[in-house]
1. Taking the criterion of being modelled with pLDDT of 80 or more and exposed (fewer than 13 other Cβ atoms within 10 Å of the Cβ), would at least one residue in the range 122-143 satisfy it?
2. Identify all residues within the range 155-184 that are assigned to a loop (DSSP other than H, G, I, E, B), of a type in the set (D, E, K, R) and loosely packed, with under 15 Cβ neighbours inside 10 Å; write none if there are none.
3. Regarding the range 80-98, can at least one residue be identified that is of a type in the set (Val, Ile, Thr), within 23 Å of Arg122 (Cβ to Cβ) and touching a residue at least 60 places away in the same chain (Cβ under 8 Å)?
4. Across the range 61-93, what is the total count of residues that are of a type in the set (Lys, Arg) and in a helix (DSSP H, G or I)?
5. Of all the residues that make up the range 144-158, how many are modelled with pLDDT of 85 or more and under 28 Å from Arg90 (Cβ atoms)?
6. For the structure I just gave you, tell me whether Ala58 is in contact with a Cys (Cβ under 9 Å, 6 or more places away or on another chain) and part of a helix (DSSP H, G or I).
7. I'd like the full set of residues that are open to solvent by 30 Å² or more (accessible area, probe 1.4 Å), farther than 19 Å from Ala91 by Cα and either of a type outside the set (Val, Ile, Thr) or in contact with a helix residue (DSSP H, G or I) (Cβ under 6 Å, 6 or more places away or on another chain) (or both), limited to the range 50-68.
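The values are calculated or read from the model by the stated rules, or taken from the named source; none is laboratory data. These numbers were taken from a predicted model, which means no experiment stands behind them. Quick reminder, even Gly has a Cβ in these numbers, built from the backbone with ideal geometry, and neighbours come from all protein chains shown. Side chains included, ligands, DNA and RNA excluded: accessible areas come from the protein's heavy atoms. Shrake-Rupley method; radii C 1.70, N 1.55, O 1.52, S 1.80 Å.
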Amino acid sequence: MIRIARSLDNAGEGNLVSMLLAAAAELMTNVEATSTLSRMSSIQAGRNRTPPSTVEAALMTLSAAQTRTALLAALCALEEKPGVKVYRRRAFYALKDTFSLSVSTPGRSLADCASSIREQRRYRGDQRIPLRAIGSTLLLKGLECDHAMILDAGSMSTNDLYVALSRGAKSVTVFSRSPLYPSP
């Protein structure tokens, strides 16, 4: 996200659209950057037979205006394009939030806004765990929950037990067939 924001900050006149399409292609499928760019040149030259799609219109606006508002609108249009699937959701939404922040704070660079969004996400923590979740020590490694319940602790390895014991922030409940570890 930071790299993409820096590259868009340094985009020269006329390169912003192609750089946005390249960045979008890293985060979603069916962006079709090459065919979209050739279609845009056809539209700009007046050789198009069909009217521009929503995405093409947003990219044409970005090409003409090169504002942060147009950049955000083009990214949102790409997300809504039929057949497009965002496969790097967290990075995509962070980039979208970066563009939104940059619209509201025009004095800051995109890279600064991306840094701020990254720090907000770090502070807020990982949002992948629902309120109630069942997972293994492998899935929850590095993540913290409010309460942890450990089932059949006597059959776990010492490393897995350590990971399981360190996941609960407020409480840890341990269930085992034996009061001693390892189970006799």
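1. There is at least one residue in the range 122-143 that is modelled with pLDDT of 80 or more and exposed (fewer than 13 other Cβ atoms within 10 Å of the Cβ).
2. To start, the set of residues in the range 155-184 that are assigned to a loop (DSSP other than H, G, I, E, B) comprises 156-157, 166-167, 175-184.
Still in the running and of a type in the set (D, E, K, R): 167, 177.
Passing the criteria: only Arg177.
3. Looking through the range 80-98, at least one residue is of a type in the set (Val, Ile, Thr), within 23 Å of Arg122 (Cβ to Cβ) and touching a residue at least 60 places away in the same chain (Cβ under 8 Å).
4. 3
5. Going residue by residue through the range 144-158, those that are modelled with pLDDT of 85 or more are 147-158.
Add one more test, that the residue is under 28 Å from Arg90 (Cβ atoms), and what stays is 147-149.
The total comes to 3.
6. On the way: in contact with a Cys (Cβ under 9 Å, 6 or more places away or on another chain): yes; part of a helix (DSSP H, G or I): yes.
The answer is yes for Ala58.
7. Kept after step one, since they are open to solvent by 30 Å² or more (accessible area, probe 1.4 Å), are these residues of the range 50-68: 50-54, 57, 60-61, 63-68.
Okay, now just the ones that are also farther than 19 Å from Ala91 by Cα, so 50-54, 57, 60-61, 63-67.
Hits for the range 50-68 are Pro51, Pro52, Ser53, Thr54, Ala57, Met60, Thr61, Ser63, Ala64, Ala65, Gln66.
This table checks each residue for (1) crowded, with 16+ Cβ neighbours inside 10 Å; (2) free of Cβ contacts under 8 Å to residues at least 60 places away in the same chain.
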| position | (1), (2) |
| --- | --- |
| Ala11 | yes, yes |
| Leu21 | yes, yes |
| Ala24 | yes, yes |
| Met28 | yes, no |
| Val31 | yes, yes |
| Ser35 | no, yes |
| Ser38 | no, yes |
| Ser41 | no, yes |
| Asn48 | no, yes |
